[in-house]
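A.B. asks: I am attaching a structure below and will ask some questions about it afterwards.
The values are calculated or read from the model by the stated rules, or taken from the named source; none is laboratory data. If you're wondering where the values come from, they're calculated on a predicted model, not measured in any experiment. Backbone-built Cβ (ideal geometry, glycine too); neighbour counts: all protein chains shown.
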Amino acid sequence: MAAPVKAPGRVDAPGRGRVGDSPPRPDGTLKVTGEFAYASDLWMSGMLWGATLRSPHPRARIRSLDVGPALATPGVHAVLTHEDVPGAKVFGLDLPDQPVLAVDEVRYQGEPVALVAADHPEIARRALDRIVVDYEVLEPVTDARAVVADPERYRVQENGGIVRHQPVRVGDVDRARAEAEVVVTGEYEVGIQDQAFLGPEAGLAVPADDGGVDLYVSTQWIHRDVEQIAPCLDLPAERIRMTMAGVGGAFGGREDLSMQIHAAMLALRTGRPVKMSYNRRESFFGHVHRHPAWMRYEYGATKEGRLLYADVQIVLDGGAYTSSSMNVVGNAASLGVGPYEFPNLRIDGYGAYTNNPPCGAMRGFGAVQACFAYESMMDRLAAACGLTPVQIRHRNAVTQGSRLATGQIIDSPAPLAPMLERLEAMPLPPVADTSDLRNLPGGVAQTTHGEGVVRGIGYGVGIKNICFSEGFDDLSTARVRLEAIGGEPTVLVHTAAAEVGQGLVTLKAQIARTELGVDRVTIAPADNAVGNAGSSSASRQSYMTGGAVKAACEAVRAELLARAARRTGRGDLSVRNGVIVSRAAGEVATVAEILGDDPIEETREYHHRPTTPLDPVTGQGSSHTQLALCVHRAVVDVDVELGLVKVVELAAVQDVGRIMNRQSLEGQIHGGTAQGLGLAVMEEIVVADGAIRNPSFTDYLIPTILDMPPMRLDIVEYPDPHAPYGLRGAGEPPTLSSTPAIVAALRDATGKALTRVPVRPEHLVG
Amino acid sequence: MEFLRPTTWDDALAARAAHPGALPIQGGTDVMVELNFDVRRPAALLDLTGVAELRGWDADGDAIRIGAGVPYARIIAELGGRLPGLAQAARTVGSPQIRNRGTVGGNLGAASPAGDSHPPLLASGATVEAESAARGVREIPVGEFYTGPKRSALEPDELIRAIRVPTAPGPQYFAKIGTRNAMVIAVCSFAVALDPARRRAGTGIGSAGPTPLRAREAEDFLAAHLDWDGGGPLDDVVARKFGDLVAGAASPIDDVRGTAAYRGHALGVLARRTLGWAWREHTGQTRREAS
C-alpha cells in the first residue's frame, strides 16, 4: 500500500553547521509555521477511526461485557475485547504485566477495556457508549506507604505488592548517629507530575499484504515498541514495520505503549487502515506519569557541616502495572543523597503497586523526586550548622574520584565545587519594576501593586545518570551512506532514534558534516528498517546515537580514503570540504570524483561502557554510564499575603562536557528548568480515591511565558574522555535542580517549611 | 448537529424561537471546548458571529452599550478609559487568541461563576439587554441575571443582544487569583467600583459561590464609613472590615483549584487592596493601568 498522507519523508538538513555550531533545525521552520506533520495529522484513503473504551473506576471486577449494541451501530466495523487479542494478553516495557485490554479486572481509572473501529471518530465515540460493561466496583488501593508496610495485604495484581525494594548500605549508620553533632530530619512529598506533551498520542496502522502491519506512530523507542507489540499480535517482529510519525513532545510519556497494539488489532481485524488519536482528556489517562513520592530523611553531620550519615526511605507509587518502576526505584536509591560524599548510608527505595494512576518514565526518572528531598535536607543542615546553602554544598561536594552512594567511583570530571562558585558569583537581578504588572506575582490579574511582596533566593543541585544503568546494554545503530548526487557529495543518515523535539535530527547532520567533510546531509525517517537506536530518554541520544553516527561516518570515511589512496597512490589523505587532501600534495581529488557512481554505505552499532547491576542487599555497584550535574539559583518574589509567586530569575550552571549545538542545548536547559518550575509551583495530577480530578489543561497547569523567567546560563565544558566528543547528556539535569532551588527561595521569602511540591498558595499563607 | 448561521439580528431571533434546543455560540471559547470533550451535545448550534448588529459598541447616555459579539480584545483596546473595571477583567481572560475570540456576551451566556467579566459587571451595576422575537427587548439587571451554576435568567427563546455598562463614575479595580501568572481560570476574583458623587461603592465576587455575587453588606458599609468628602487616606480599620465583609459574603467550596478557606482569605485581601487602590485614585493619586 502507498504511504499515508503526512507520513514523514526524508528531510534535507539546512545550513552547513558542524559539531559545535548551531545550524537551523530541519523541522524548525515547519514547526513554527504550523506545517509540521504530527502523528495526529496522518491520513489515508479509506481509513477507519479507532476509539478506546476506558474504565471509569480505579478498581473493579468486570462481571460481564456486551459489545452487541455497539457492533450493531451503523458505520461500526469492529468492536474488540481481550478475547480478540491475537497473542499474548499482556505487555510491558520491562515486565509484561499490563493487559492489552482488561480481562476480568480493571486496576486504574482509564484502563482500556474495549476498542471500536468506525467510519468516523464521532461514530466510534457513540459506539463506545453502547458497549455495556457490568462492573463490580472494588475498594481501590491508594496508599503506597501502606502497601510497603504490608505488601501481602494490598496486592492489586499478581506481582504484588512491592515492585522493587533497593537498599543501599554503606558503613555503620547507627554508630555515625551516635557521633553526629548535628542531626536534622525531614519528610517530603512530591505530587504526580505529567509530561503534558502538546501532541496527544496518535498513530496509524495499515494492514500489509504479508499479513503484518505497517505502523506510523509517535513514540520514543521504535524497536522496544515492536518487541512488545509482536507477541500480542502473534506476529514475527519482522512483519511489523514501524515508522516514527511527527512527535509533539515526549518527556518519557511515550516510552510505554499507548495505541500501538490497539490500532494494529483493529487494522488486522478490519483489513483497513485505522487511525487513533487521543484528545487531551484521554491523553491524561493514556500514558504514565511521574511517580509521586513520600520520603523520610535523616542526616547527621559535624558541627562544621561535614556529612556523617544519611538514613533515607523513599516510597514511589507506580500504579497498577510495572512499566519502568523498577528502574525508577534504582535511580531514586542510587542517587538518593545526590552529589555529596557520605561515609555512612542507609537508603531504602521502594516502588509500590496501587490503583492510582500508572506511573513510569518522566524526564529525571526517579532522580527528580530524591533531588527535592536531598536538597531540602542540605538547606536544613546548613541552617542547623550556621552555614550558607552554598557553603554546605561546597563542603560536601563530590569531585572526580569521589564515591557515589553505590560505591561507584566517579571517573570523569564532576566539577560541582567550581560550578557552585560560578553560580554564586553571578549578579543578582534588580528589584522588580512594579510599574508593569507582569513583573509581579499574579501578573495582569492584578492581585498586588507591590503589597505583601517579599523576595527570596534559593539554590539547588542535581545529579542525573546519563544512558541506561544497571548492566543494560542500550546500544544504538546508524547507517550512513555517502554518494555523489548531481556531482555533489551527499550524506544520508538513517537511524531509528526518535526525534522528540530535543534536536537529535540537527545533531546527526552536524556529526556527519564534521566526520565526512561534506555539507549536504539528508536525514531519513526513523524506522525499524535500520537497527535499534534505543530510547530517546535518559539524556542518551547525543551520546549513543551521536556515537553511532560518528562510528558509521568514520567507517565511511575510511572506505572513502582507501578508495582515494588506491586512485592516487598516496597514504597521507584526509577529507575536507568535499575535497580529498594530501598532506604533501594538497588537493588531489574531489569526494564526488572518488565516489563516482558507487556509493559508500556503512552501518555501525555503538555501545557505551558496560555497567553493573546494583547488589540487591548493599546497593553497591558501578551502575551508571555517565553522571551529569546542574546547579540552579532561583530568585522569587512571593506575595506572602496571597501565596502567589513570581519567579524572577533562574540562573544555572551546567557541565555538558562538550557543547555540540549551543542553541539546542540552551533550549534543553530552558525547557528542563521550566518543567522543574512547573513541579515546584503548579503541575500536579490531583487524585482522590484513585481518580484524577483535573484531566485537562484548564486545571492541570503548566508554566506560561509569564511564569518562566529569563535565565542566566553558564555552560561549562569538562570533557568526559569516555564519551563521543567528550559530551555529557544534558536534557534531564536541569529538570532536577530547578525545583528545589525555587522551593528554597520560597522558604527564604516566607519562612515556611514547604515539604511538599507543587507548593500551592494555601501552603504559603497557611 | 444542525448549524444555524443567521446574518441579521431578526433572523437570529427567529432561529432562536424556532430551535429552542440550539446552543448559541459567539467566540466558541467555551462552547467548542465542551463539544470537543463531549460534555454537551446540543441538537443545533446557533452561530451569532455573522450578526453585524452584535459587533459594535456605542455610548448611550451615561452608559456604554456593548454588543454581545464584541471581543475582549476590543474592550481592552477601546474601552479601558471608560470601563476600567471591565477592561482589567478582560485583560485577564485566557490568552491573546482567546481574547480575540471571546466575548462578554458569551461569558454571560455561559453564566459560569468563574467567568471573569461578571464581577466588574456586578460592581458597576450593568444591565443585560435580552431580546426575543415574541416579546421584544427586556433589560435584566446583572444582579438578577445569574440564577445558579451555569444558569441564567435568559428564557429559551431569548438571546443576549447587548450589555449596558454605566461609564465609570469613579475608580474601578478588578483582581483575580490564579495559580499561574497568565491564562488561568479564577480561583476567586473581586471587583470594586466607586461612585463618589452618589457616595456608593459596588462590588462583585467571582468563583466563590454558586453564582457571581455582590457583597451588599460590604457596599453599604463603605457607603456609610468612607470619608467621601475628606479626601484623606483610607482608614486601615475600614479597609479590613470591608475585606471581612466581602469574605463573609462569599460561599466558596473546596475544589481542585483551591480550598474554601483560602478563597475566603484571598477575597479579604483582594477587597482590601482593590479598595486601597481605588481610594488612592479617588483622593488624587494616579491610577494605574493594567498593562
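A.B. asks: Do we have A:Ser664 as polar (S, T, N, Q), closer than 15 Å to A:Lys464 by Cβ and either within 22 Å of the chain's Cα centre (by Cα) or within 14 Å of another protein chain (Cβ to nearest Cβ) (or both) here?
C.D. replies: no
A.B. asks: Picking from A:Val19, A:Val79, which residue would you name as being touching a residue at least 40 places away in the same chain (Cβ under 8 Å), out of contact with any strand residue (DSSP E or B) (no Cβ under 9 Å at 6 or more places or on another chain) and β-branched (Val, Ile, Thr)?
C.D. replies: Going through A:Val19, A:Val79 in turn, the sole match is A:Val19.
A.B. asks: I'd like the full set of residues that are surrounded by fewer than 24 Cβ atoms within 10 Å (Cβ to Cβ), touching a residue at least 40 places away in the same chain (Cβ under 8 Å) and within 28 Å of the chain's Cα centre (by Cα), limited to the stretch A:302-326.
C.D. replies: A:Met326
A.B. asks: Take A:Arg177 and decide whether it is in contact (Cβ under 8 Å) with a residue 24 or more places away in the chain, surrounded by 17 or more Cβ atoms within 10 Å (Cβ to Cβ), closer than 21 Å to A:Gln313 by Cβ and not assigned by TED's automatic domain parsing to the domain that holds A:Gln369.
C.D. replies: When the stated conditions are applied, A:Arg177 does not pass them.
A.B. asks: Of the residues A:Ala584, A:Ala562, A:Ala509, A:Ala538, only one is closer than 16 Å to A:Arg479 by Cβ and outside the structural domain of A:Gln668 (by TED's automatic domain parsing); which?
C.D. replies: A:Ala509
A.B. asks: Shifting gears a bit: Scan A:Glu641, A:Glu605 and give me the residue that is surrounded by fewer than 24 Cβ atoms within 10 Å (Cβ to Cβ), of a type outside the set (A, V, I, L, M, F, W, C) and within 12 Å of chain B (Cβ to nearest Cβ).
C.D. replies: A:Glu641
A.B. asks: Pick from the stretch A:195-219 the residues that are under 16 Å from the mean Cα position of the chain (by Cα) and within 24 Å of A:Lys89 (Cβ to Cβ): which of them is surrounded by the fewest Cβ atoms within 10 Å (Cβ to Cβ)?
C.D. replies: Checked the stretch A:195-219; the qualifying residue surrounded by the fewest Cβ atoms within 10 Å (Cβ to Cβ) is A:Glu201.
A.B. asks: I'd like the residue in the stretch B:164-219 that is β-branched (Val, Ile, Thr) and either within 14 Å of chain A (Cβ to nearest Cβ) or closer than 14 Å to B:Leu83 by Cβ (or both) and, out of all such residues, is farthest from the chain's Cα centre (by Cα).
C.D. replies: Ranking the qualifying residues of the stretch B:164-219, first place goes to B:Thr179.
A.B. asks: Which count do you get for residues in the stretch A:1-32 that are surrounded by 14 or more Cβ atoms within 10 Å (Cβ to Cβ) and not in a loop (DSSP other than H, G, I, E, B)?
C.D. replies: Looking only at that region, the number is 4.
A.B. asks: Strands (runs of 3 or more DSSP E) wholly in the stretch A:441-524 with at least 3 residues that are crowded, with 23+ Cβ neighbours inside 10 Å, within 14 Å of another protein chain (Cβ to nearest Cβ) and free of Cβ contacts under 8 Å to residues at least 60 places away in the same chain - which ones?
C.D. replies: Correct list: empty, since no element meets the threshold.
A.B. asks: So, of the residues in the stretch A:678-700 that are under 18 Å from A:Arg760 (Cα atoms) and touching a Ser or Thr at 6+ places or on another chain (Cβ under 6 Å), which turns out to be nearest to the other protein chains (Cβ to nearest Cβ)?
C.D. replies: The extreme case among them is A:Met682.
A.B. asks: I'd like to verify a number: residues in the stretch A:258-279 that are surrounded by 23 or more Cβ atoms within 10 Å (Cβ to Cβ) and part of a loop (DSSP other than H, G, I, E, B), how many?
C.D. replies: Of the residues in that region, 3 qualify.
A.B. asks: Oh, and also: Can you name the residue in the stretch B:210-239 that is part of a loop (DSSP other than H, G, I, E, B), farther than 30 Å from B:Asp254 by Cβ and of a type in the set (Gly, Ala, Ser) and, of all such residues, is modelled with the highest pLDDT?
C.D. replies: In this case the residue turns out to be B:Gly232.
A.B. asks: Now a separate question. For the stretch A:62-99, which residues satisfy the criterion of being in a helix (DSSP H, G or I) and surrounded by fewer than 17 Cβ atoms within 10 Å (Cβ to Cβ)?
C.D. replies: Correct list: A:Gly68, A:Pro69, A:Leu71, A:Glu83.
A.B. asks: Of (1) of a type in the set (S, T, N, Q); (2) more than 11 Å from chain A (Cβ to nearest Cβ); (3) within 24 Å of B:Arg273 (Cβ to Cβ), B:Ser152 satisfies all except one. Which?
C.D. replies: (3)
A.B. asks: Now for a different question. Tally time: how many residues in the stretch B:154-182 are part of a loop (DSSP other than H, G, I, E, B) and either surrounded by fewer than 24 Cβ atoms within 10 Å (Cβ to Cβ) or of a type outside the set (S, T, N, Q) (or both)?
C.D. replies: 13
A.B. asks: Inspect all residues belonging to the stretch B:271-291 and state whether any of them is within 11 Å of another protein chain (Cβ to nearest Cβ), touching a residue at least 24 places away in the same chain (Cβ under 8 Å), in a loop (DSSP other than H, G, I, E, B) and in contact with a strand residue (DSSP E or B) (Cβ under 9 Å, 6 or more places away or on another chain).
C.D. replies: Yes, because at least one residue in the stretch B:271-291 is within 11 Å of another protein chain (Cβ to nearest Cβ), touching a residue at least 24 places away in the same chain (Cβ under 8 Å), in a loop (DSSP other than H, G, I, E, B) and in contact with a strand residue (DSSP E or B) (Cβ under 9 Å, 6 or more places away or on another chain).
A.B. asks: Which one is farthest from the other protein chains (Cβ to nearest Cβ), of the residues in the stretch A:415-440 that are of a type outside the set (A, V, I, L, M) and farther than 30 Å from A:Asn396 by Cβ?
C.D. replies: A:Pro430
A.B. asks: How many residues does the stretch B:241-270 contain that are more than 19 Å from A:His763 (Cα to Cα) and either within 11 Å of chain A (Cβ to nearest Cβ) or in a helix (DSSP H, G or I) (or both)?
C.D. replies: Selection size over the stretch B:241-270: 9.
A.B. asks: Tell me, which strands (runs of 3 or more DSSP E) wholly within the stretch B:1-68 include 1 or more residues that are without any contact (Cβ under 8 Å) to a residue 60 or more places away in the chain and farther than 30 Å from B:Pro84 by Cβ?
C.D. replies: B:2-4, B:22-25, B:44-47
A.B. asks: Only one residue in A:Ala263, A:Ala293, A:Ala267 is touching a strand residue (DSSP E or B) at 6+ places or on another chain (Cβ under 9 Å), among the small types (Gly, Ala, Ser) and not assigned by TED's automatic domain parsing to the domain that holds A:Ser45, so which one is that?
C.D. replies: A:Ala293
A.B. asks: Here's another thing I want to ask about it. Any idea how many residues of the stretch A:701-722 are at the interface with chain B (Cβ under 9 Å from one of its Cβ atoms) and either charged (D, E, K, R) or in a strand (DSSP E or B) (or both)?
C.D. replies: Number satisfying all stated conditions: 1.
A.B. asks: Just one of A:Glu375, A:Glu304 is part of a loop (DSSP other than H, G, I, E, B) and in contact with a helix residue (DSSP H, G or I) (Cβ under 9 Å, 6 or more places away or on another chain); which is it?
C.D. replies: Criteria check complete, one pass: A:Glu304.
A.B. asks: Going by the structure shown, is A:Asp379 within 28 Å of A:Glu683 (Cβ to Cβ), modelled with pLDDT of 95 or more and acidic (Asp, Glu)?
C.D. replies: yes
A.B. asks: I need the strands (runs of 3 or more DSSP E) fully contained in the stretch A:544-659, keeping only those with at least 2 residues that are within 25 Å of A:Gly336 (Cβ to Cβ).
C.D. replies: Hits in the stretch A:544-659: A:626-639, A:644-655.
A.B. asks: I've got another one for you. Mind checking which helices (runs of 4 or more DSSP H) fall wholly inside the stretch B:81-131 and carry at least 2 residues that are of a type in the set (Lys, Arg) and either without any contact (Cβ under 8 Å) to a residue 40 or more places away in the chain or closer than 20 Å to B:Leu54 by Cα (or both)?
C.D. replies: Where helices (runs of 4 or more DSSP H) fall fully within the stretch B:81-131 and carry at least 2 residues being of a type in the set (Lys, Arg) and either without any contact (Cβ under 8 Å) to a residue 40 or more places away in the chain or closer than 20 Å to B:Leu54 by Cα (or both), they are B:96-101.
A.B. asks: Okay, next question. With the structure loaded, tell me whether B:Ala224 is among the aliphatic types (A, V, I, L, M) and without any contact (Cβ under 8 Å) to a residue 12 or more places away in the chain or whether it fails that test.
C.D. replies: Against the criterion (among the aliphatic types (A, V, I, L, M) and without any contact (Cβ under 8 Å) to a residue 12 or more places away in the chain), B:Ala224 qualifies.
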